Amino acid sequence: MKLKRHGAVLAMVAVGALALAACGSNPTPSGGGGGGASTGPAACGGKQNLTAEGSSAQKNAIDVFVQAYQAKCPGYNVAYNPTGSGAGVKQFNAGLVDFGGSDSALNAANGEVAAAQQRCKGNPAWDLPMVFGPVALGYNVPGVTDLVLNADTTAKIFSGGIKTWNDPAIAALNSGKQLPAQPINVIYRSDQSGTTDNFQQYLTAASKGAWTKGAGKTFNGGVGTGSQGSAGVAQAISSAPGTIGYIELSFAQDNKLSMAQLDSGSGPVALTADTVGKAISGAKIVGEGNDLRLDLKSVYSANTPGAYPLMLATYELVCSKGYDPPVAQAVKNFLTIAATDGQSQLGAAGYAPLPAEFQQKLLTAIQAIGSSA
């Protein structure tokens, strides 16, 4: 996969310093510098062909990471199947892949944490947030540019309370724009998806009670048309006027979708590297030790001027211990390269590179992955 270089690369690479400049300099793993810089001679070895499955939201990021991995370790590969976060958790917990990909951390309430511990031979599994992915509200309304929405109107659109594009609530946020009396067709993920979970968590936290459907990997809005995977949602929006859906930035960019601005109370904010960086700075780690599970609710509900709050953290699900030694070695090597060299190309793929604080914590956790039971 060849990635195009353009101005977005420099803008997105700046996110780490922009979001958490106060955290000091980037970490320096053995052999080189962090923050997406070269790590020097890479550690290679272990299982040559790792397998992984899960979040389609991180598919393009994994492509970037694999490219960096193969550049450092010729002959080594990761085969990633982007079947959705729900499938990723199930396949990882069943021991059918070496690591999983999910846009939501493992959920203790529905048994995922316990199942993962059993898969890891009695050891805890860790949620490692490898990529921050902005989520766009992609829409297809001919003649309407720079559409503005807030969490309240978005919640009502995705639960059927607002049915046409010229609804007074939308018009009030878009003074001077000619909005058609066209029905709104919501496009949602038909498969279980961490993107759906994060989107519904955002609506729950930010809509001031307008969203009453709860969260979870299954879309609960009760309206619209389902499409499989991020690519399916993007294609459905692109091909049908009157549609709107939640979609990761990389897929919105690939399909040249219009993206709504969000108003959290301090004015409309477009989705840019700058505005996502301001939101990332509010993310809190709530997991224990090397389990780096995040709580993004404070990000979603905050009225931070100039911040675009709708985003997700993409996790790699790994065993803390319990891998066979060749698997443990290769997983550590791949994730180390992904967390360092692999970050430099993420902007071109529509993601926000790791802020320095998260990068340091990730590298510490990755190095602690073991093979003993």
Checklist entry - Only one of (1) modelled with pLDDT of 95 or more; (2) more than 23 Å from G350 (Cβ to Cβ); (3) more than 22 Å from the chain's Cα centre (by Cα) fails for A71. Which number is that? => result (2)
Checklist entry - If you scan region 351-372, which residues turn out to be of a type in the set (G, A, S) and outside any helix (DSSP H, G or I)? => result A352, G370, S371, S372
Item to check | Pick from region 324-345, criterion open to solvent by less than 10 Å² (accessible area, probe 1.4 Å) and of a type outside the set (A, V, I, L, M), ranking: nearest to A52 (Cα to Cα) | outcome: F334
Checklist entry - For region 107-127, what are the residues that are over 14 Å from G194 (Cβ atoms) and open to solvent by less than 10 Å² (accessible area, probe 1.4 Å)? => result A116, C120
Next on the checklist: Pairs needed: first member in region 348-373, open to solvent by 10 Å² or more (accessible area, probe 1.4 Å) and among the basic types (K, R); second member anywhere, at pLDDT 80 or above and part of a loop (DSSP other than H, G, I, E, B); C-beta distance under 6 Å; at least 6 residues apart or different chains.
Outcome noted: K361/L292
Checklist outcome for this item: When D63 is run through (1) within 17 Å of the chain's Cα centre (by Cα); (2) surrounded by fewer than 22 Cβ atoms within 10 Å (Cβ to Cβ); (3) not in a helix (DSSP H, G or I), the failure sits at (3)
Checklist entry - Of the residues that make up region 313-332, is at least one under 17 Å from the mean Cα position of the chain (by Cα) and farther than 16 Å from Y80 by Cβ? => result yes
Checklist entry - In region 274-298, what count of residues is obtained for those that are assigned to a helix (DSSP H, G or I) and over 14 Å from the mean Cα position of the chain (by Cα)? => result 5
Checklist entry - If we scan region 187-200, do we find a residue that is within 20 Å of Y300 (Cα to Cα) and open to solvent by 30 Å² or more (accessible area, probe 1.4 Å)? => result yes
Next on the checklist: Return the residues of region 194-249 that are in contact with a Phe, Trp or Tyr (Cβ under 6 Å, 6 or more places away or on another chain), modelled with pLDDT under 95 and among the hydrophobic types (A, V, I, L, M, F, W, C); say none if nothing qualifies.
Outcome noted: none
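The values are calculated or read from the model by the stated rules, or taken from the named source; none is laboratory data. Keep in mind the model is a prediction, meaning the values are calculated, not measured. Every residue, glycine among them, receives a Cβ derived from its backbone with ideal geometry; neighbour counts consider all protein chains shown. Each accessible area value is taken on the protein alone, full model and side chains, heavy atoms only, with ligands, DNA and RNA left out. Shrake-Rupley method; radii C 1.70, N 1.55, O 1.52, S 1.80 Å.
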